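Since every read-out is calculated from the coordinates, none of them should be taken as a lab result. All figures in this text were calculated on a predicted structure; none of them were measured in a lab. Quick reminder, even Gly has a Cβ in these numbers, built from the backbone with ideal geometry, and neighbours come from all protein chains shown.
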Amino acid sequence: MSLLSFYARNTTEVLGLIWQHLYLVALSTGAATIIGVPLGMLLTRRPAWRGSVLGLANIFQTVPSLALFGILIPILGIGFWTAVTALVVYALLPIVRNTYTGIAGVDPAVREAGRGMGMTDGELLRLVELPLAASVILAGIRVATVVSVGVATIGAAIGAGGLGVYIFRGVAVVDDTLILAGAIPAALMALAADGALGLLERRLAWHR
Amino acid sequence: MVSPLVQDVSFTVGAGETVVILGRSGSGKTTTLKLINRLLEPTAGDVLIAGERTAAVEPTRLRRRIGYVIQEVGLFPHFTVAENVGLVPRLEGWLAERIAARVRDLLGLVGLDPDTFVARYPHQLSGGQRQRVGVARALAADPPLLLLDEPFGALDPITRVELQREFRGLEGRLGKGMVFVTHDVREGLLLGTRIGLMHGGRLVFLGTPEEFGKADHPEAVAFMRAADPGPAARG
């Protein structure tokens, strides 16, 4: 059975799974951004916390994704929200780390000029540090998004849906077409996210 | 006990007066300057502006009333010239039209055509133009006191002399108190109403340029000798 005829006969189901997959990725990356960017900002103000927070995020990152799902199931059960939680945990490290690195990388002379002009810490952050760090922060979000697209396929194993449904089904019945039917759109989605966010990142980069 | 970075530093700056703080690298010039706008806090002693102890003023409020000019890195790379110059008025909540008018006036004052320069970014300017923008920015909210930390230090010699001459003209017209840090003795003699010489974290001399030329402190003599290469070098 060819891939195209498979898609032709299962159009509704395919679109539904693509939508589910997108939703998983967008929701978790969005939540990780909302948590991660302020956390990264906080670390630049509390350097003493840096080691422990980034260390913890690093540890989470090293847990294999299937194992992380396994750890979360006894706590959260199976289903969509467990998958979202796991994806958020994965997406946090690149976002927190890049936010911290981006802000910490702002030229100290520029920062001191801002303080010398009479900026409050909040103004310095909003007007100088965040704009100058924007492209680095976005690079972190981009990495997180691409990783999420891949990890989200495993969400199917715990009933969260998404394109992983075809992959797991294909593996179970040893059907290459079925595996590809899930893997190809997921790969294209990762490439598209990478390309689009990369474009945005270059637009945000300021010129010296 | 930790030895202080600077000590025994005492001077006053009047309106229309430029006190040049001269010294070698590491002599405590910049430290002294930063003690004035509280980028550094003194462990002992007081800084007073218009009779008020700066320690009693909230740092951000204090700094908005003190113009601050630094070497060219001080411009915000992601701000246009207009945004850089209008920064302090914007922080102070001025209306947009008033800021725009002020920016144009100031650019004119420092010799930059407003129509050409308002929309440019710092990386599109020459070193001399950047420094002019830096001076305009420091003057934006019309502060009574200006601090300048080697503002012309990174410029090529020709541009430097050009800006020094113009700055000299500006000094007289503005009538502001200025503290000007430099290691260039010629610049100090040209621009200073008085010269304060720093050596090893202490103010070892304070007086007019004429008095400085006759001072017998070895550091002052060394600086004067550096300014005048002597008959042998002149050939």
Taking a cut-off of 13 Å, what percent of all Cα-Cα pairs in segment B:30-97 are separated by more than that? 70
So if the hydrodynamic radius of segment A:101-208 is defined as the Kirkwood radius over C-alpha pairs, what does Stokes-Einstein give as its diffusion coefficient at 37 °C and 0.692 mPa s, in µm² per second? 198
Derived scalar couplings ³J(HN,Hα) [segment A:173-186; Karplus, 6.51 cos²θ - 1.76 cosθ + 1.60; whole Hz; x for Gly, Pro]: 9, 6, 10, 4, 4, 5, 4, 5, 4, x, 6, 5, x, 5
A:LEU3 versus B:SER3: modelled label distance in nm, points set 7 Å from Cα along the beta carbon direction: 7.4
Peptides A:153-162, A:63-72, A:86-95 ordered by average Cβ neighbours within 10 Å, highest first: A:86-95, A:153-162, A:63-72
Determine, for each peptide in B:46-59, A:135-148, the mean count of other beta carbons within 10 angstrom over its residues, then list the peptides with the highest first. A:135-148, B:46-59
Whole-Å semi-axes of segment B:139-226's equivalent ellipsoid (Cα gyration tensor): 23, 16, 12
Descending Cα extents along the principal axes, chain B, whole Å: 54, 51, 30
What list of whole percents do you get for P(r) of segment B:75-142, with Cα-Cα distances grouped in 5 Å bins up to the one holding the largest distance? 3, 21, 35, 25, 12, 2, 0
Can you give the three extents of the C-alpha atoms in segment B:1-129 along their principal axes, from longest to shortest, in whole Å? 54, 32, 28
Place a point 7 Å from the Cα of B:GLU17 along the Cα-to-Cβ direction; which residues of segment B:198-214 have their backbone N under 11 Å from it? B:207-208
Obtain the nm distance between the two label points defined at A:ALA26 and B:ARG165 by a simple spin-label model: each point lies 7 Å from its Cα along the Cα-to-C-beta direction. 6.4
Rounded to the nearest 0.05, what FRET efficiency do B:LEU40 and A:VAL173 have when you use their Cβ-Cβ distance and R0 = 51 Å? 0.10
Would you please state the base-10 log of I(q)/I(0) at q = 0.10 1/Å for the protein assembly as shown, with intensities from the Debye formula using one equal scatterer on every alpha carbon? -0.81
Using a 7 Å offset from the Cα along the Cα-to-Cβ direction at both A:LEU15 and A:ALA192, what is the distance between the two label points in nm, to one decimal? 1.3
In Å and whole numbers, how far do the C-alpha atoms of segment B:143-187 stretch along each principal axis, longest first? 29, 18, 16
Counting helices only, and only those DSSP H runs with n ≥ 4, report the 222 nm mean residue ellipticity of chain B as the sum of -39,500 (n - 2.57) divided by its residues, in deg cm²/dmol to the nearest 500. -12000 deg cm²/dmol
Can you tell me, using C-alpha contacts under 8 Å and at least 6 residues apart, the relative contact order of segment B:75-142 as a whole percent? 50
Report the equivalent ellipsoid semi-axes for chain A in whole Å, largest first, defined as the square roots of five times the eigenvalues of the gyration tensor built from alpha carbon atoms. 39, 19, 11
Chain A, helix-only ellipticity at 222 nm - DSSP H runs n ≥ 4, -39,500 (n - 2.57), divided by all residues, nearest 500: -27000 deg cm²/dmol
